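A.B. asks: Structure below; questions to follow.
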Amino acid sequence: MSLDGLSVYEVGGAVRDRLLGLPVTERDWVVVGATAEMMVARGFKPVGRDFPVFLHPDTGEEYALARTERKTGPGYHGFSVCADPSVTLEEDLSRRDLTINAIAARPDGTLIDPYNGQADIAARRLRHVTEAFREDPVRILRLARFAARFADLGFAVDEQTRALCRDMVDAGEVANLVAERVWQETQKALISDSPAVFIRVLRDCGALAVLYPEVDCLFGIPQPPRHHPEIDSGEHVLLAMDQAVGLECNLAERFAVLVHDLGKGLTPAAELPRHRGHEEAGVPLVEALCERLRVSSECRDLARAVTRYHLQCHRIRELRASSILALLEGLDAFRRPARLESFLKACEADYRGRLGLADRPYPQAAFLRDCLRRCRTLSADAFIERGLTGPAIGEAIHNARIAAIQTGIDTQP
C-alpha cells in the first residue's frame, strides 16, 4: 500500500499469526518515509503519547511511523525515540522484541524478514531480535507471555535469550518496571492456555523473585505428601493453574488460584511441612501484592476470599451448620451469588491441582450451592407475620438458615 510516495507495511502479530495459521483479530501497520504532519494532513488521528502512532480515519487501525529507539535511562520509560522519514523498515524491525514479531508484509503479501522470524516460527523458537532487547525490561514479561500463549504449539525460549534475560535481571532492570505494565502483561498471560509457563519463564530468569517475590518464595517449601504428592508448594500452585485453565476460569479466578497459598511462604521452618493458619496469614500478603501492582478490585476481592476460605470449602462436610452459614456470609453469597460460583471454581482448581489427583471430583461445590439455595428460600415475611420486629427478625432468619443448612447436612449421603 502506498500513500503518495509513503510505504506502508503490515507488521507484528497479524503477520505472525497468519504464518501460524491462527485467526487474525487486529492488524498494525508501519509507515516509512512520513512525518507526523503528513499523516495528520491525510486525516489520520494521532494517539501516541511516547511515539507517533495514528488511527486510520476509516478502519481505526493503528499506523505507526517507522522509528528507532536509544536507551537514555533505566526502566521502561528510559528511551529517546527517533521517528523521521529517514528511518528504514529494517531499522524499525530491529527494535522489536522477538524475531517472530519482526516480520513485515508488503501490500502484495510478500514478506520482509531480515531477522529470520520465519525460521524461528518453523523451529518453534522464541528468540530476541538484537541485543537491544536488553534495553527494555518489559520484553522479559512479553517473552514470558508469548511462551505461555504459544506453549501448546511447542514454542520454547531460545537459550541465548534466556541468558540475556538473566543478565537483565542481574543488572537490576526488572526492578524499574512500572506496576501498571507488570499487571497488564500478567493479565494477558493469565488468560492464556498455559499461564503456568509464564510463571516458569519468569522464575527461570530470576524476574519472578523481583516482581512476585511472594509467589517465588513458595518454590522449595514442602507440604504434607499425604495431601500434596507433588510436595513443593510452588509446583502445587502451577498445577492448580493448569486446572484453572481446564475449568475455564476467568481472569479473577485464575489470579485467585495464583495467590491463594501465599501464606505458606510465612510458615516457620520448625513447623514444616504443615502450614497451620496459612489461610489467614496469606490475606495481608494478597492485599499488599494487589496494592503494589494496582490489581483490579474484582481480582483483589476474589483473591482475598479464596485465600481466606479455601480450606474451609475443601472441608465443608466437616463444618457445623453455623460455620457454613458464616462462610456464606463471609463470601457475601446472599447478595452476590455469582461471587460464590467464582470462589467455588478457584477452590476446585486448588483441590485438583495436586500430582496424580487432577481427576478427583469436587462434591463440596454442589453441597455449598445447596446450602445457599436452602437459605435463600427463607423470607422475612413469615417472621413478620408471627409478630417479630426489628433485630428479632434478623435473629430468626439467622437461626432458620442454620436449621436449613443442618437439614442439608442430615440429608446428604
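A.B. asks: Of the conditions (1) buried (at least 22 other Cβ atoms within 10 Å of the Cβ); (2) modelled with pLDDT under 95, residue 212 fails just one. Which one is it?
C.D. replies: Result: residue 212 passes all but (2).
A.B. asks: List the residue pairs whose Cβ atoms are under 9 Å apart, where the first residue sits in the stretch 132-147 and is at positive phi and surrounded by fewer than 24 Cβ atoms within 10 Å (Cβ to Cβ), the second is modelled with pLDDT of 95 or more and of a type in the set (S, T, N, Q), and the two are 6 or more positions apart or on different chains.
C.D. replies: Between residues of the stretch 132-147 that are at positive phi and surrounded by fewer than 24 Cβ atoms within 10 Å (Cβ to Cβ) and residues that are modelled with pLDDT of 95 or more and of a type in the set (S, T, N, Q), there is no close pair.
A.B. asks: Assess whether residue 160 counts as being modelled with pLDDT of 95 or more, over 20 Å from residue 19 (Cα atoms) and not aliphatic (A, V, I, L, M).
C.D. replies: Numbers: modelled with pLDDT of 95 or more: yes; over 20 Å from residue 19 (Cα atoms): yes; not aliphatic (A, V, I, L, M): yes.
Judged against the criteria, residue 160 is a match.
A.B. asks: For the structure I just gave you, tell me whether residue 248 is part of a helix (DSSP H, G or I) and not polar (S, T, N, Q). Walk me through it before giving the result.
C.D. replies: On the way: part of a helix (DSSP H, G or I): no; not polar (S, T, N, Q): yes.
The answer is no for residue 248.
A.B. asks: Kindly indicate whether residue 169 is touching a Gly at 6+ places or on another chain (Cβ under 7 Å), part of a helix (DSSP H, G or I) and of a type outside the set (Ser, Thr, Tyr). Don't jump to the end; show me each part of the working.
C.D. replies: Working: touching a Gly at 6+ places or on another chain (Cβ under 7 Å): yes; part of a helix (DSSP H, G or I): yes; of a type outside the set (Ser, Thr, Tyr): yes.
The answer is yes for residue 169.
A.B. asks: Could you tell me whether residue 162 is in a helix (DSSP H, G or I) and surrounded by fewer than 22 Cβ atoms within 10 Å (Cβ to Cβ)? Walk me through it before giving the result.
C.D. replies: Values: in a helix (DSSP H, G or I): yes; surrounded by fewer than 22 Cβ atoms within 10 Å (Cβ to Cβ): yes.
Yes; evaluated as a whole, the condition is true for this residue.
A.B. asks: If you check residue 235 against the conditions, is it assigned to a helix (DSSP H, G or I) and surrounded by fewer than 19 Cβ atoms within 10 Å (Cβ to Cβ)? Write out each step before concluding.
C.D. replies: Numbers: assigned to a helix (DSSP H, G or I): yes; surrounded by fewer than 19 Cβ atoms within 10 Å (Cβ to Cβ): no.
So residue 235 fails the test.
A.B. asks: Exactly one condition in (1) within 20 Å of residue 228 (Cα to Cα); (2) in contact (Cβ under 8 Å) with a residue 60 or more places away in the chain is false for residue 315; which is it?
C.D. replies: Every condition holds for residue 315 apart from (2).
A.B. asks: Which numbered condition in (1) within 24 Å of residue 179 (Cβ to Cβ); (2) crowded, with 20+ Cβ neighbours inside 10 Å; (3) of a type outside the set (S, T, N, Q) is the only one that residue 283 fails?
C.D. replies: (2)
A.B. asks: May I pose another question? In the stretch 34-65, what residues are within 22 Å of residue 101 (Cβ to Cβ), touching a Gly at 6+ places or on another chain (Cβ under 8 Å) and either in a loop (DSSP other than H, G, I, E, B) or small (Gly, Ala, Ser) (or both)?
C.D. replies: Once the filter is applied, which keeps residues that are within 22 Å of residue 101 (Cβ to Cβ), touching a Gly at 6+ places or on another chain (Cβ under 8 Å) and either in a loop (DSSP other than H, G, I, E, B) or small (Gly, Ala, Ser) (or both), the stretch 34-65 yields only 64.
A.B. asks: May I pose another question? Pick from the stretch 378-413 the residues that are free of Cβ contacts under 8 Å to residues at least 12 places away in the same chain, among the aliphatic types (A, V, I, L, M) and outside any loop (DSSP other than H, G, I, E, B): which of them is farthest from residue 333 (Cα to Cα)? If you could, list the steps in order and put the result at the bottom.
C.D. replies: Here is the first cut: in the stretch 378-413, the ones free of Cβ contacts under 8 Å to residues at least 12 places away in the same chain are 379, 381-382, 384-392, 394-395, 399, 410-411, 413.
Next cut, among the aliphatic types (A, V, I, L, M) only: 382, 384, 388, 392.
So of that shortlist, the ones also outside any loop (DSSP other than H, G, I, E, B) come out as 382, 384, 392.
Numbers: 382: 22, 384: 24, 392: 22 Å.
Among residues in the stretch 378-413 that are free of Cβ contacts under 8 Å to residues at least 12 places away in the same chain, among the aliphatic types (A, V, I, L, M) and outside any loop (DSSP other than H, G, I, E, B), the one farthest from residue 333 (Cα to Cα) is 384.
A.B. asks: Same structure, new question: Which one of these does residue 161 not meet: (1) within 20 Å of residue 122 (Cα to Cα); (2) of a type in the set (S, T, N, Q); (3) within 19 Å of the chain's Cα centre (by Cα)?
C.D. replies: Unmet condition: (3).
A.B. asks: Sticking with this structure for a sec: Being part of a loop (DSSP other than H, G, I, E, B) and of a type in the set (Ser, Thr, Tyr) is the filter; apply it to the stretch 342-377 and report the residue that is surrounded by the fewest Cβ atoms within 10 Å (Cβ to Cβ).
C.D. replies: 377
The values are calculated or read from the model by the stated rules, or taken from the named source; none is laboratory data. Computed from a prediction, not measured in an experiment: that's the story for all the values here. Cβ coordinates were reconstructed from backbone atoms using ideal geometry, including for glycine residues, and neighbour counts include every protein chain displayed.
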